[in-house]
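S.K.: I am attaching a structure below and will ask some questions about it afterwards.
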Amino acid sequence: MSIFKQLLVVAVLAGLGFAAWKIGEPPPSGAPTEAAKPDNPVAVIVQRTETAEERIRLEAVGTASAFRSVTLHPESAGEVTALRFTADSYVERGDVLVELRREAEELEVELARVQLENAQRTFGRLEKLSASGTSTQAALDDARTALRSARIALRQAQVALDDRVVKAPFAGYIGLTDIEIGDRIDPATAIATLDDRELLLIRFDVPEALLGRIAPGDAVTVAPWTDAVSADGIVVDFDSRIDPESRTFVVRAETPNPGDRFRPGMSFRVTLDLYGNTRPAVPEIAIQWGGEGSFLWTIRDGAAARVPVRIVQRQAARVLVDAELEPGDPVVVEGLHRMRAGRPVAVTVRDAPVATNGTGS
């Protein structure tokens with residue numbers, strides 16, 4: 001190829017390159033493209049602002065106790081003559097559980113009755129004589145005093161006789177006993193425990209930071225660690241002091257025990273939801289971050305508006321925020337990368353597409 005032809009080829013290629021560069025060169029400043037024209041709305045998808053309460057879920061380990069529980073002791077000393085119960089059996093209020101030897105007390109009751117009858121006869125005779133004037137008022141007064149003393153003596157003897165048996169003070173389940181027939185026991189001897197476990201009290205510790213957030217009547221859920229079965233309950237009371245070592249305070253919840261499934265002393269997983277202020281709730285994907293912190297985009301007067309937010313709490317896929325938002329305000333969830341303050345938008349509500357022609361919705 002001659003030198004002339006070579007120069008011609010180079011010139012043609014250079015011209016083609018310059019043309020390609022001119023085609024790919026962005027437009028000069030101040031000449032907006034069709035997509036960037038200020039009057040052209042940007043399509044976005046929004047979701048309405050909702051409201052929700054702040055929620056703190058507390059999980060703690062609780063220990064169960066019977067709603068009522070006592071350790072039974074005899075009122076007086078004596079020899080056991082009968083045991084009327086078996087371990088873990090249900091007894092009614094007033095059922096006789098233990099009997100002690102009672103012959104001496106029965107004799108005391110019989111003697112007191114004889115003395116009472118004698119005092120009644122004496123008083124009656126002197127009362128008639130006093131009415132006829134053949135007896136003094138002093139003798140009648142002494143007879144009246146003797147009659148009252150005899151009545152008191154009979155009641156005392158009857159109490160001592162009643163103390164020779166141990167009765168159930170309320171209905172419930174009675175526990176094991178080490179007492180045998182023939183044993184001699186006294187008021188210091190523990191016979192057995194009696195539990196009313198129709199209701200259970202669940203005791204658990206709560207951090208001091210939640211003091212004032214829990215009140216009687218708050219709902220709880222309890223579940224034994226060894227079983228998937230759960231039960232509902234309510235807070236009934238709490239301690240008046242904070243433990244200075246653990247920095248916690250004790251709370252007690254009450255839960256029914258249908259079918260007698262649970263036992264005093266069992267451990268439970270206690271779940272308690274605490275609620276606070278009501279705040280705007282927005283989708284988590286709507287939150288953006290910038291040099292000044294978190295924010296989101298909303299639509300006001302048909303244009304994009306940037307709203308600073310402070311995240312208060314995350315709940316599932318939404319966020320509770322402290323922001324200038326009202327319930328129902330649209331929050332942009334798609335098209336965020338095209339947002340600019342004051343830019344007109346074409347809004348589509350997530351659950352119901354709406355053509356707004358550049359106006360807010």
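S.K.: Checking the conditions here, which among Thr298, Thr255 is closer than 30 Å to Leu201 by Cα and open to solvent by less than 20 Å² (accessible area, probe 1.4 Å)?
M.R.: The match here is Thr255.
S.K.: Only one of (1) on the phi < 0 side of the Ramachandran plot; (2) in contact (Cβ under 8 Å) with a residue 40 or more places away in the chain; (3) open to solvent by less than 90 Å² (accessible area, probe 1.4 Å) fails for Arg113. Which number is that?
M.R.: (3)
S.K.: Of all the residues that make up region 158-190, how many are of a type in the set (Phe, Trp, Tyr) and either exposed (fewer than 15 other Cβ atoms within 10 Å of the Cβ) or in a loop (DSSP other than H, G, I, E, B) (or both)?
M.R.: 1
S.K.: On to the next question. Within region 147-155, is even one residue over 60 Å from the mean Cα position of the chain (by Cα) and either farther than 20 Å from Glu99 by Cα or open to solvent by less than 40 Å² (accessible area, probe 1.4 Å) (or both)?
M.R.: Yes, because at least one residue in region 147-155 is over 60 Å from the mean Cα position of the chain (by Cα) and either farther than 20 Å from Glu99 by Cα or open to solvent by less than 40 Å² (accessible area, probe 1.4 Å) (or both).
S.K.: Name, by its number, the condition in (1) more than 30 Å from Asp88 (Cα to Cα); (2) open to solvent by 80 Å² or more (accessible area, probe 1.4 Å); (3) outside any strand (DSSP E or B); (4) of a type in the set (Val, Ile, Thr) that does not hold for Thr226.
M.R.: That leaves (1) as the condition not met.
S.K.: Also, quick follow-up: Would you confirm whether or not region 131-142 contains a residue that is open to solvent by less than 40 Å² (accessible area, probe 1.4 Å), closer than 30 Å to Thr221 by Cβ and aliphatic (A, V, I, L, M)?
M.R.: No, region 131-142 contains no residue that is open to solvent by less than 40 Å² (accessible area, probe 1.4 Å), closer than 30 Å to Thr221 by Cβ and aliphatic (A, V, I, L, M).
S.K.: Can you work out which of the residues in region 67-102 that are of a type outside the set (A, V, I, L, M), closer than 15 Å to Leu176 by Cα and part of a loop (DSSP other than H, G, I, E, B) is least open to solvent (accessible area, probe 1.4 Å)?
M.R.: Here the residue is Phe85.
S.K.: Within region 265-289, can you find the residues that are within 30 Å of Ala305 (Cα to Cα) and either crowded, with 17+ Cβ neighbours inside 10 Å or in contact with a Gly (Cβ under 7 Å, 6 or more places away or on another chain) (or both)?
M.R.: Arg279, Pro280, Ala281, Val282, Pro283, Ala286, Ile287
S.K.: Go over the candidates Arg241, Arg213, Arg203 one by one and state the one that is open to solvent by 80 Å² or more (accessible area, probe 1.4 Å), touching a Ser or Thr at 6+ places or on another chain (Cβ under 6 Å) and not aromatic (Phe, Trp, Tyr).
M.R.: Result: Arg203 is the single residue among Arg241, Arg213, Arg203 that is open to solvent by 80 Å² or more (accessible area, probe 1.4 Å), touching a Ser or Thr at 6+ places or on another chain (Cβ under 6 Å) and not aromatic (Phe, Trp, Tyr).
S.K.: Among the listed residues Val307, Val321, which satisfies the condition of being in a strand (DSSP E or B), over 30 Å from Ala215 (Cβ atoms) and either within 25 Å of the chain's Cα centre (by Cα) or not acidic (Asp, Glu) (or both)?
M.R.: Val307
S.K.: Looking at Phe262, is it surrounded by 14 or more Cβ atoms within 10 Å (Cβ to Cβ), among the aromatic types (Phe, Trp, Tyr) and assigned to a loop (DSSP other than H, G, I, E, B)?
M.R.: yes
S.K.: While we're looking at this one, here's another question. With the requirement that a residue be of a type in the set (Asp, Glu) and more than 30 Å from the chain's Cα centre (by Cα), what does region 56-103 give you?
M.R.: Glu75, Glu79, Glu92, Asp95, Glu99, Glu103, listed by residue number.
The values are calculated or read from the model by the stated rules, or taken from the named source; none is laboratory data. It should be emphasised that the depicted structure is a prediction, and the values quoted were computed from it without experimental measurement. Every residue, glycine as well, gets a Cβ built from its backbone with ideal geometry; the counts of neighbours run over all protein chains shown. All accessible areas refer to the heavy atoms of the entire protein, side chains included, with ligands and DNA or RNA removed. Shrake-Rupley method; radii C 1.70, N 1.55, O 1.52, S 1.80 Å.
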